[in-house]
Amino acid sequence: MATVETALGPVATTELGPTLMHEHIVTRSPGVQENWPHLWDRNAILALAEQKMADLYRRGIRALVDLTTVDLGRDIDLIVGVARRSRVHVIVATGVWWRPQRYFSVHGVDAVAELFIRDITLGIGASGVKAAIIKCATDTAGVTPVIENVLRASARAQKATGVPISTHTWAAGRTGEAQQAIFAQEGVDLSRVIIGHSGDSEDLGYLRGLMERGSTIGMDRFGLDNYLPTAKRVDVIARLSAEGYAGKMVLSHDANCWTDMLSEDAKRRTRPQWNYNHISDDILPALRKAGVKDDQIDQMLVRNPRAIFEATPTRRR
Ligand SMILES: [Zn+2]
């Protein structure tokens, strides 16, 4: 029986069900709440997260992938606390986002890869929780020296462990292409890579290319209309599904239960649809209306995520 590591230990991949492939429980600026603890009410955040996860479960979502890295303030004890209060499986990531701390530029590729491998094989900190996916990112600045370090370290950790890579991109700058090139150069099988935030783009040529080279694309920022309006996001998925690409797309919001970037009030005011429930409540009906078949929705939400995690070998080095 194939299993996947979660915040509460291994779970059969058959139990994952509908899975959101790019979300966050909590994101924060590392070091800020530790130094100004009045900014941090852990119990209130746990209560808020418990509520949001229950809403998600009620809608039929059974798993989410928390792609929160060290530079997004990954807090494994908090993630475990939320998972314990939730019936939704939480898959945890290792890796680095596009704001790496100085550490990641002054230590070499292999030293950084070792950190990721440790999270995957031994567990994160003293928690015993194993990461099941590697996150890395290329934003508007492109492949800077430190980002190249992180991309190559992610590739080497992928090859050493078999777990998938999931990226953040600046889709308008087609940065997924540079990521694929570096991964391929490092010998990564591109089918083990999810090029994230591809749903921000309506450049079908770019998106087809990413998938034709083997990767899955993340249609994973539903509710962030500032990058691409909802109607266009839906239209792109409908077109690509009609062309036969449903096997290469996964769905998500890139939302969170709490972030130090934006209050709950400000979220509701400025990004009213940016929440865990938007896909279940609004997007799936819109996709059906646009001609996407139930079987294709099942593929993007259930079968693709399951296959991505099933391809991780059980035996590790
Ligand atoms: Zn994200």
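Every read-out reported here was derived from the displayed coordinates using simple, explicitly stated rules and does not represent laboratory data. The shown structure was predicted, so the numbers you read here are calculated from the model rather than taken from an experiment. Every residue, glycine among them, receives a Cβ derived from its backbone with ideal geometry; neighbour counts consider all protein chains shown.
Taking N as the number of residues in the range 168-317, what is its alpha-carbon radius of gyration divided by 2.2 N^0.38 Å?
Values: Rg = 15.8 Å, N = 150, 2.2 N^0.38 = 14.8 Å.
This ratio for the range 168-317 stands at 1.07.
How would you rank 132-143, 255-266, highest first, on the average number of other Cβ atoms within 10 Å across their residues?
Working: 132-143: 21.6, 255-266: 16.8.
Result, highest mean Cβ count within 10 Å first: 132-143, 255-266.
Computed from backbone phi with θ = phi - 60° and the Karplus coefficients 6.51, -1.76 and 1.60, the 3J(HN,Hα) list for the range 195-202 is 8, x, 6, 5, x, 7, 10, 10 Hz; x is used for glycine and proline. Once Rg and the Kirkwood radius are both taken over the C-alpha atoms of the chain, their ratio Rg/Rh works out to 0.93.
Determine the calculated [θ] at 222 nm for the chain from helices alone, applying -39500 (n - 2.57) to every DSSP H run no shorter than 4 residues and normalising by the residue count; nearest 500 deg cm²/dmol.
Values: 13 runs with 122 residues, N = 317.
Helices in the chain give a 222 nm mean residue ellipticity of -11000 deg cm²/dmol.
Say we join alpha carbon atoms closer than 10 Å with springs in a Gaussian network model of the chain; which of G205, G244, G162 then has the biggest fluctuation? Highest fluctuation among the options: G205.
Exposure proxy check: F183, F104 ranked by fewest other beta carbons within 10 Å? Walk me through the numbers before you get to the answer.
Values: F183 27, F104 20.
Exposure proxy ranking, most exposed first: F104, F183.
Residues S280, S201, ranked from the fewest to the most other C-beta atoms within 10 Å, line up as S280, S201. Remark: the range 240-252, residue by residue, has Karplus-estimated 3J(HN,Hα) of 5, 5, 4, 7, x, 9, 4, x, 10, 10, 10, 10, 5 Hz, where x stands for each Gly or Pro and the curve is 6.51 cos²θ - 1.76 cosθ + 1.60 at θ = phi - 60°. What do you get when you divide the Cα radius of gyration of the range 51-148 by 2.2 N^0.38 Å, with N the number of residues? This ratio for the range 51-148 stands at 1.20.
Using the Karplus relation 6.51 cos²θ - 1.76 cosθ + 1.60 with θ = phi - 60°, the per-residue 3J(HN,Hα) values for the range 139-155 come to 9, 4, 6, x, 8, 6, x, 5, 5, 4, 4, 5, 4, 5, 5, 4, 4 Hz, with x marking Gly and Pro.
Looking only at the range 3-310, where both bridge partners belong to it, what percent of the DSSP beta bridges are antiparallel (to the nearest 5)? Roughly 15 percent of the DSSP beta bridges within the range 3-310 come out antiparallel. Across the chain, Cα pairs under 8 Å and at least six residues apart give a relative contact order of 20 percent.
Measuring against 22 Å, Cα to Cα, the residue pairs K52/K293; K52/K130; K135/K293; K135/K159 contain K52/K293; K52/K130; K135/K293 as the ones spanning a longer distance. Taking 0.36 nm per residue of sequence separation and removing the Cα-Cα distance, the D294/A242 pair yields an extension gain of 17.5 nm.
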